[in-house]
Structures are given as structure tokens and as C-alpha cells.
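Since every read-out is calculated from the coordinates, none of them should be taken as a lab result. Not measured: the values here are computed from a predicted model. Here the Cβ positions follow ideal geometry from the backbone for every residue, glycine too, while neighbour counts run over all protein chains shown.
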Amino acid sequence: MWLAVSEQSQVIAETKRIAGPPAARSMHSLGVLCGIAAGAWLGAAEAPTKLVTAGLSPYTISLCMVAGVFVARWTLPTLLRGTSYVASDLRARPHLIVWAILAGALWAVANTLTVFAIRDVGLAVAFPLWNANSLIGIFWGILLFRELRGAPAKNWIKVVFGSLAIVAGATMLGFSTIRSSPAGSGHAIGGIAAALGASLLWGTMYVPYRKAYLSGMNPLSFVTIFTIGELGTMFVLAASLAGGLHQVAEQIITARHFLFWLFLGGFCWVIGDLFQQYATKYIGIGRGIPLSNTNQLWGLAWGALVFGELTGLDRSHQIVVIAGSVVMILGALSISTAAASSEEHNSTHEALLRECNRYGLDYNVALMAQAGLEHDSRAASKKRWWDYLIVAAAAGMFVWFAWGATLPPLQMNLRWAGALCLALAVVLVGSAWALWKRTRFL
């Protein structure tokens, strides 16, 4: 039942005290930083999927990556907060468990589609096509979570301009791919369809994200359940569409010396996804997704500099690919710089209040979590002995896969790969420190 008028007045007063303009500006800056870090790591995570060109099945690659994701999604929350904290968070909001599983299932299907897209059109051009998920995210944010309600005209202009730029960039890259793909137009069209399908699923996947964070759930808790939907869906896909788990197992055994790179790709994806979830939490779907879609820059860098994907294109096609990428990034940046006004914050708080009333949650608790503040004794929960066991087991799995691993049979520029890895490390350390200092990973 809705709060009485007097209670709503008290809630609004508390809102202004806790999440006033200074705090809102601080969280916007933190959300932007998280979005940039997400773009870097999400871009790097797709590099191992190039193994599809070495003859591995897209389902096998996606299953191995999801296995790495599963390990990482249990390890990082345990390392940062501990299982007791995560369990307490889930008990406080049990209705979000099914939403997290659904989001994981959407992610698994979308990730499999990206492998097909990379196989048919390449990494450098597949990235911007599935980054059209910005449009889907903006639509759901406005429709379901009152994002941009009460925003000034300049913010609407930035969002509309950014959306049109993203569509224009995707169109440029799509036509360039059809004309220049060595596999032929049929394969190129299939690759484009797979990339756009991934964008639709990934854009919809952020609905459970936003729903969870309006309710005050910690992203570390959400991703722990999220991964159950991922792994379960991938087993179903592999069993039904890839000739059965027996055939997939044979491929995995045959490619034993490549599994480390796929697991590593899954781990990198989780790092990027965690930053993306914090960006979604603090600045919303409409801003968080476009900003994290700067992964196009990193995807282009890995595809062009490390794997030489643009080498076979003539100059005109190279210009179209680069121009399309730049247009999409400018559109994403235009959207992300539309900082929310006080009126829009009030609209977001109304959406937050609606979620709390619907599920019987404490509004002030959810509001403080939204502002990056701790609200109960869960912050003081200590790590248990099994937490260290989980982390040790995950480290042991990576050591085991790394033992005997060999470089993939792909033409790569190792100097550029080293330079990009160094840049990733700098982004990770800087962004993680800022997030810890401001919110303690809340």
C-alpha cells in the first residue's frame, strides 16, 4: 500500500538530506568512471572469442567463457565482501533472485550470438553493431524506471542526438561489412543479424539490473545469482544445438591448451560487467550503458592492432569502419554527459518508492544504498574460512588451466597486446580505488 501523505513528506525530506545535489554530482562522476572502466574490460573480454576462427564451435567457446564467468562471479564478491554479506543481501530481497537468473539467461544467449557475429564479420565491426543495446536500454529506462522524466530540454537533445548517432554509426558499419566481408554477403548478413540480436538481449538484460539496484541490492550480490542463469542456459544451448554435451566435451578435451584464454576472457568480462553494474546503479540505464559502450574503442583496438582485422580492407572501407565507430562513440558520450537534474532525481526517487512499496522494502535503506552509503550491520560482516577456500579453489583452477596452455594459432601483434594489457591494469587500479574509497563496493 502507498505511504500516507505525511509519511511521503518525511521521505522526500530525507531524500533531499541524503541525496542532495553535492552527493548526486559525486555519484554521477563515480558512475561515469565506472562506465569507462567497464568499456575497457568488456572490450578486452571479447578478444579470446577470436578462437572461433581456429575451428572451435561458437557454443564450445561460449560455454568455456561462461564457465570462467561463473568462477569469477563467485570469487570476486567473496573476495571483496564475503559470502555472509551476499547471503544477507539476498535474504533481504528474495524476489530479485528470479530476476537475476533471468538476466543471466539473457546474457548467455547474447554472448553466444556475439561469437557467431565475430566469426562472420570480425571483432572490429561486430562490436559497434551489438552496442546498439544503448537504444534498447534507453527505451526501457524511460518506460519502466522514469529516467529522463523532468529532465531539461538539453538533456533530451543529448539523448536523442546520441541515439541517432548510434543508429547512424551501426548502419555505416553494417553496409561496410556487407560490401567487404571475405565470407560473402550471406555470411555478413548472418553476422549482422547475430550482433543485433545480441544488442536486443543485452539491452533488455539491464531491466533486472536497474530493478535490483533501485531496491538497494549490492551488485556483488546480484551477479552471484546472475551466473546461475548464465551457466544453466549455456548447458541447455550446448546440449540442444551443438550436437549434445558429449560432442562439446570432446571439443573441450581437444582444445585443452586453449581453455585458459577462454576462462581468462570470462574473468575479464566479469570485471567489466561489475563496473558496468555500478555505473547502471549510480547513473541509470540510459547513461550507464552508452558510457560502457566505449568498449567499441577497445574492441576496435584489439581487432585492428592485435589481430590485424582491418589490414585486408581498402582505404575507403577502413575509413567507413573508423568513421562509423567514431560516430557511435560520440553518440554514447553525448548521452552520458547528460547529467541528471534535481527534477529527474525526484522522478527516480518516485520509481524507487514504487519498488519499495511493491515489495515491502524500507525506502530509506534503499535510498542510502542508491547513494553509495552502508545502512546496516552487513558492512561489518567478516569473511569466513570457506571464503578463503573459494578464492583458493578459483586460483587453483586458473593455475591448472594455465599449465600447458599455448598461444592460440592466430596472427597477433604481441607488442600491441602487451600495451593494451598495461592500459587495462591502470584503468582497473584507478577505478577500483575510487569505488572503494567512495562506497566500499556498495
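If you rank LEU241, LEU79, LEU361, LEU63 by fewest surrounding Cβ atoms within 10 Å, what's the result?
Details: LEU241 12, LEU79 15, LEU361 20, LEU63 25.
So the residues, fewest neighbours to most, are LEU241, LEU79, LEU361, LEU63.
Run the numbers on the chain and let me know its relative contact order in percent, using alpha-carbon pairs under 8 Å that are six or more apart.
34 percent
When the chain is treated as a GNM, springs tying every alpha-carbon pair under 10 Å, which of ASN295, ASN111, ASN364 comes out with the largest mean-square fluctuation?
Most flexible of the set in this elastic network: ASN364.
How far, in degrees from 0 to 90, does helix 259-283 lean away from the longest principal axis of the Cα atoms of the chain, to the nearest 10?
That helix lies at roughly 30 degrees to the long axis.
Please sort by residue number the trypsin sites (Lys or Arg not before Pro) in the stretch 333-442 whose DSSP state is loop and whose Cβ has at most 10 other Cβ atoms within 10 Å.
Passing sites in the stretch 333-442 are LYS382.
Longest segment of the chain with no chymotrypsin sites (Phe, Trp or Tyr not before Pro) in a DSSP loop having at most 14 other Cβ atoms within 10 Å?
3-402
For the chain, set up a GNM with springs between Cα atoms under 10 Å and report which of GLY169, GLY122, GLY404 has the largest fluctuation.
Result: GLY404 has the largest fluctuation of those listed.
Mind jotting down the distance between the C-alpha centroids of the stretch 151-173 and the stretch 299-332, whole Å?
So the two Cα centres are separated by 20 Å.
If each of ARG440 and ASP362 carries a label point 7 Å out from its Cα toward its Cβ, how far apart are those two points in nm?
Modelled inter-label distance: 1.5 nm.
Which angle between 0 and 90 degrees, to the nearest 10, do you get for helix 5-18 versus the longest principal axis of the chain when only C-alpha atoms count?
The angle comes out at about 60 degrees.
Helix 245-254 against the longest principal axis of the chain: what's the angle in degrees, Cα atoms only, rounded to the nearest 10?
Compared with the principal axis, the helix lies near 60 degrees.
Using only helices, what value at 222 nm comes out for the chain when you add -39,500 (n - 2.57) per DSSP H run of length 4 or more and divide by the total residues, to the nearest 500 deg cm²/dmol?
Rounded to the nearest 500, it is -26000 deg cm²/dmol.
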